[in-house]
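The values are calculated or read from the model by the stated rules, or taken from the named source; none is laboratory data. For clarity, every value in this text was computed on a predicted model and none was experimentally measured. Cβ placement follows ideal geometry from the backbone for every residue including glycine, while neighbour counts extend to all protein chains displayed. For accessibility, only protein heavy atoms count, side chains too; no ligands or nucleic acids. Shrake-Rupley method; radii C 1.70, N 1.55, O 1.52, S 1.80 Å.
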Amino acid sequence: TLEALEKVPGVMLDSDEGLLLKGRAGVQVYMDDKPVMLSGEALTAFLKSLPASNLKSIEVMPNPPAKYDAAGNAGVIHIITKRTRLKGVLGSAAISHNQGYYGRSNTSFNLSLNRRRMSAYTLWSGNIHNSYQALNINRFYLNPDLSPSSAFRQASWIRKNHYALNSKTGLDYDISDKTTVGVAAKAYYMPKQHIVANTSRITDPNENLLNTVTANNFDKGLLANGALTANLRHKIDTSGGMLTCD
């Protein structure tokens, strides 16, 4: 989904993979008319874990209508996922894997049961995301007469890896042809870890080794989010007027 958003006109990512809408930060993301209560790195990781195959459409609103309580002034991006009301039991599953220096994979599964007035559904997705950065820094120090004084060389290997699980399960019931009530539960879980292996070498003007400093840094974190929602939709007229309660 994050890759799909990058292709939408007006939407781009900053250097930290934060969403920008027409160059402005602070965009509010909605999914199926509900605000996504995530921001920053957590939002980016969440969008990476959503398979683009589950998307129906993406709406970009620099000046959103009043029904969207947008936080900030950058506008709204509304992501609409696929839902089918064809009668019977329907489902699909997908898995993909990309192999570079490290591997990445995405999986998804969705299942729905639709009867005359009732629709029950569950969607699950997950991904494994591994990346690395090789950073080499070379500094050369000079005396006042511009002759070599010393040198500092640093080699860093930065590895980031995480996996994410994403789920949504819900039930909709049509009280009448115009009124629908529903409940849904959503959950998101992503443990992550960063490993930085760093070796620094300090030499004299003749490239003789004076000191070596080795520093290995390791940190772990967890991003988790859950929501339980209930909603009611009532069509007021055939022109699209609707009364909603969430």
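The table below gives the values:
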quantity	calculated
From the options Tyr101, Tyr132, residue that is under 18 Å from Ile158 (Cβ atoms) and not in a strand (DSSP E or B)	Tyr101
Inter-residue pairs, beta-carbon under 9 Å, first touching a residue at least 40 places away in the same chain (Cβ under 8 Å) and in the stretch 30-43, second assigned to a loop (DSSP other than H, G, I, E, B) and aromatic (Phe, Trp, Tyr), 6+ apart	Tyr30/Tyr68; Asp33/Tyr68
Single match in Ser96, Ser119 (criterion: surrounded by 14 or more Cβ atoms within 10 Å (Cβ to Cβ), among the small types (Gly, Ala, Ser) and at pLDDT 85 or above)	Ser119
Verdict on Leu13 being open to solvent by less than 40 Å² (accessible area, probe 1.4 Å), modelled with pLDDT under 85 and within 22 Å of Gly170 (Cβ to Cβ)	no
Sole exception among (1) open to solvent by 30 Å² or more (accessible area, probe 1.4 Å); (2) touching a helix residue (DSSP H, G or I) at 6+ places or on another chain (Cβ under 6 Å) for Leu47, by number	(1)
Subset of the stretch 128-148 that is surrounded by 11 or more Cβ atoms within 10 Å (Cβ to Cβ) and in contact (Cβ under 8 Å) with a residue 40 or more places away in the chain - its residue that is nearest to His194 (Cα to Cα)	His129
Meets criteria (within 30 Å of Leu111 (Cα to Cα), open to solvent by 60 Å² or more (accessible area, probe 1.4 Å), in contact (Cβ under 8 Å) with a residue 24 or more places away in the chain and hydrophobic (A, V, I, L, M, F, W, C)) for Leu86	yes
Matching strands (runs of 3 or more DSSP E) fully within the stretch 8-70 where at least 1 residues are of a type in the set (Asp, Glu)	55-61
Residue among Met37, Met31 that is open to solvent by 30 Å² or more (accessible area, probe 1.4 Å) and under 20 Å from Asn225 (Cβ atoms)	Met37
